[in-house]
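What follows draws every value from the coordinates through simple rules; no lab data is involved. Since the structure is predicted, the reported quantities are computational estimates derived from the model, not experimental observations. Cβ atoms come from the backbone with ideal geometry, glycine included; neighbour counts cover every protein chain shown.
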Amino acid sequence: MKSNKTWSQTHAVTKQETVAYARATNEKNARYEQGSVAPPMFAVFLEMPPLMAAVKDPEVIGDPKRFLRLLHGEHDLRWHGPLVPGATYETIVRVQKTETKGSGEVITLGLDTIDQASKKRVVETVSTMFIRSEKPAEPGEKKPESAEKPAERQPIFVAHETVAADQALRYADASGDHNPIHKDPEVAKKAGLPGTILHGLCSLAFCQKAIVDQLCGGDPAKLKRLKVRFTKPVLMGQTIEIRAFDLETNGGVRTIGYDARVGSSVVLKDGVAEIA
């Protein structure tokens, strides 16, 4: 169901918060440790409280039991300026649309993060959530998955991140995303998962780290967009392989594609990043 409501939070960012997020995502960039700027993906720290308020609202989620079947589908962030400690930001969330499918319901939300001093939008995001159907899809309802073959293009870089045993717990604290499927093995199993899974946004933060380090000379201000589709869960102890490919350069903006894999399984796909 769709709601016409908006959800918002205003927050004064501290250096402690930005450094904690950087450390929870294995960042080594001195800019973050010094507290001069936040990692671009720190935007999700500001987005998470109003986003969770939106999806947990009875006008949106309906039966609260459906929250355990909630999975992140896609996330598309665009940065118009850096996020910095000491600034105060307001993040506003709106439900853009809902769609019912045979396997569940898709909720698309739009988020705007605004610098309260300048009144300018700093980050705009479109986030898609998927609520799995309580009953398994009938055989005829499920679309066949395409074979996951390695891309034929030569990657411009390949990076690896190993998920620590406590990665999800550290990321939950640093990001504010305390969904129990990331923290409690029993709850995760009740949700139909093999165990606690890593936050999709933490996997995306690993991609952001690799792109900024490899293609932006360590300057996070050069990253203007990061979009991805979450396809399979990542477990503690697994190693994520991130591969990037050049797509085009137009008007001074370099567009790359990227994906992330665990072994032969694609866990993040259809990734697009824009660098200026």
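Highest mean first, the peptides 86-92, 200-206, 105-111 sorted by other C-beta atoms within 10 Å per residue fall in the order 200-206, 105-111, 86-92. Label reach from Thr88 (point 7 Å along Cα→C-beta): in the stretch 1-40, amide nitrogens under 14 Å belong to 9-14. Under 5 Å between amide hydrogens, built in the peptide plane, is the criterion, and for Met236 it picks out Leu198 among residues at least 5 positions away or on other chains. Dividing the summed -39500 (n - 2.57) terms of all DSSP H runs of n ≥ 4 by the residue count of the chain sets its mean residue ellipticity at 222 nm at -6500 deg cm²/dmol. Here is the tail figure for the stretch 168-220: Cα pairs spaced more than 18 Å apart come to 43 percent of all pairs. Under a 5 Å amide H cut-off, with hydrogens placed 1.01 Å from N, Leu247 pairs with Thr255, Ile256, Gly257 among residues at least 5 apart or on other chains. Measuring r between the beta carbons of Ser265 and Ala117 and using R0 = 30 Å, the FRET efficiency lands at 0.10. Give, as ranges by residue number, the residues of the stretch 62-90 whose backbone N falls under 16 Å from the point 7 Å along Cα→Cβ of Thr98. What the label zone holds, given the 16 Å backbone N cut-off, is 62-71. Karplus-based coupling profile of the stretch 157-166, in residue order and whole Hz: 7, 10, 10, 10, 9, 9, 7, 6, 4, 9, with θ = phi - 60° in 6.51 cos²θ - 1.76 cosθ + 1.60 and x standing for Gly or Pro. For the peptides 186-198, 29-41, the ranking by packing is 29-41, 186-198, with the highest mean count of neighbouring Cβ atoms within 10 Å listed first. Compared with the alpha-carbon gap, the fully stretched path from Val158 to His80 is longer by 25.4 nm at 0.36 nm per residue.
Once the chain is represented by equal point scatterers at the alpha-carbon sites, with solvent omitted, what log10 I(q)/I(0) does the Debye formula produce at q = 0.08, 0.11, 0.15 Å⁻¹? Each listed q maps to, in turn, -0.32, -0.62, -1.21.
In this structure, the amide hydrogen of Arg225, modeled 1.01 Å from its nitrogen in the peptide plane, lies closer than 5 angstrom to those of Trp79, Glu274, counting only residues at least 5 positions away or on a different chain.
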